[in-house]
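FYI, it's all coordinate maths here, none of it is from the lab. In this text the structure is predicted, and so the values were computed from the model without any measurement.
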Amino acid sequence: MMICCLMVMGATGYGQSNPWDGYDFSAECETGQTLYYIITDSINHEVTMTHPAPYSYVTLDYWDGYDEPAGNIVFPSEVTFEGQTYTVTSIDDGAFRGCGGMTGSLVIPSTVTYIGSYAFDGCSQFTGNLVIPDLVVVIGDWAFNGCMSITGEINIPNSVVSIGSYAFSSLWKITAFRIPESVTYLGPGFIWACSKLVTLEVNENNPVYYSESNAIIERETKKLIQGTKTTVIPEDIIVIGERAFLAVENQSNLVIPQSVVSIEDEAFKYATFTGTLTLPENLQYIGKYAFYTTYFTGNLYVPDGVTTIGDHAFARTRFKEVHLPEALKTIEWDLFWDCGRLEQLEIGSQVDTIQSGVFQYCDTMPFLV
């Protein structure tokens, strides 16, 4: 419920909101920062920690007019307002988004069951390990994105069912990520741009996913949904999933197994491969931006079974010669955009459309065969 009267903060450190704010009351935590709350269950006395303004996914500096939490902070598991003690059971969408001044360890209260989308997005100064408490069920999209100073390993508790897209992206210093049997949904890119990550593990009893060679794979589809810089793609993989190797670092040559028939959108985008790329003969589909800015070198043969290559798929690579498949009819937008080293392109007899920008920002127009 929304408390619609305005009170000046008293000596107790508690205050009610005015009707245009996005919270029911505020209170100081033990480390002195003012935090904001919405009463979510007045019978069981439960609250969510929230942002003081009505939430917007678009606005990044929406702390304007409010005291943004900063410094070393301890988040409470309980808070008292007007003589009633409330349990903190969730962290609202965007509750601390962009709070780059918060420092110390990021310790989620043990009473929390839900961590919302963008909850700690951009909280770049937290250090130490991130510990997810044992009651958490859902971790939203982008929840910890950009918490780049967190270190060590992340062990997801066996209460979590869903981890949203980009939930743990850009955690530059973590080295291991472990998923329990309870997780049945992993959003695309849930842990990308984690450059020091070497270990990805899934509990062997998980019914939806399993891990092999430091990759996470869907059991039913044989889709590899997440890899690391140490991953060797298993020989029975059928699909390389969307953003599976997005921004993975420190790779050289890449050989994709013969079992793979589809490489989805952005699968290897921004992955810093500097060697050669060998595609499987059984391949049929290459998605948009699949190898964008991967800096592969040498020559590339795209198997003749490939009927679709998405736009920008090979943009900003460093191939010298490329053979496109005979069955391909359309060369999509910006396919070889900014490929300064491309000298020769062999196209099939069925090509009837070459979209604009295919060779934009190439040093010279490649010789067409």
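Lysine pairs in the chain whose alpha-carbon atoms fall under 26 angstrom of each other, counting only those eight or more residues apart or on distinct chains, come to 20. Kirkwood radius and radius of gyration were both taken over the C-alpha atoms of segment 90-174, and their ratio Rg/Rh is 0.92. From Cα pairs below 8 angstrom and at least 6 apart in sequence, can you work out the relative contact order of the chain, rounded to a whole percent? Rounded, it is 6 percent for the chain. Pairwise alpha-carbon distances in segment 1-204 exceed 25 Å for 34% of all pairs.
Note that segment 165-177 has calculated 3J(HN,Hα) couplings of 4, 6, 4, 10, 7, 6, 9, 5, 10, 6, 10, 8, 9 Hz, one per residue in order, obtained from phi through the Karplus relation 6.51 cos²θ - 1.76 cosθ + 1.60 (θ = phi - 60°); glycine and proline are x.
For segment 88-96, backbone phi angles converted through the Karplus equation (6.51, -1.76, 1.60; θ = phi - 60°) give residue-by-residue couplings of 7, 10, 7, 10, 5, 3, x, 4, 10 Hz, Gly and Pro being listed as x. What separates the Cα centres of segment 171-220 and segment 87-151 is a distance of 19 Å. Give me the log10 of I(q) over I(0) for the chain at q = 0.10 Å⁻¹, as the Debye formula computes it from C-alpha points; what are the numbers? Relative scattering, expressed as log10 I(q)/I(0), comes to -0.71. Between the amide H of Val131 and those of Ile108, distances stay under 5 Å, these residues lying 5 or more places away or on another chain, with hydrogens modeled in the peptide plane.
Residues whose amide H falls under 5 Å from that of Phe126, counting only those 5 or more places apart or on a different chain, are Ser149, with hydrogens built in the peptide plane. Panel values: segment 193-326, Kirkwood radius from alpha carbon pairs, Stokes-Einstein at 25 °C and 0.890 mPa s, translational diffusion coefficient 167 µm²/s.
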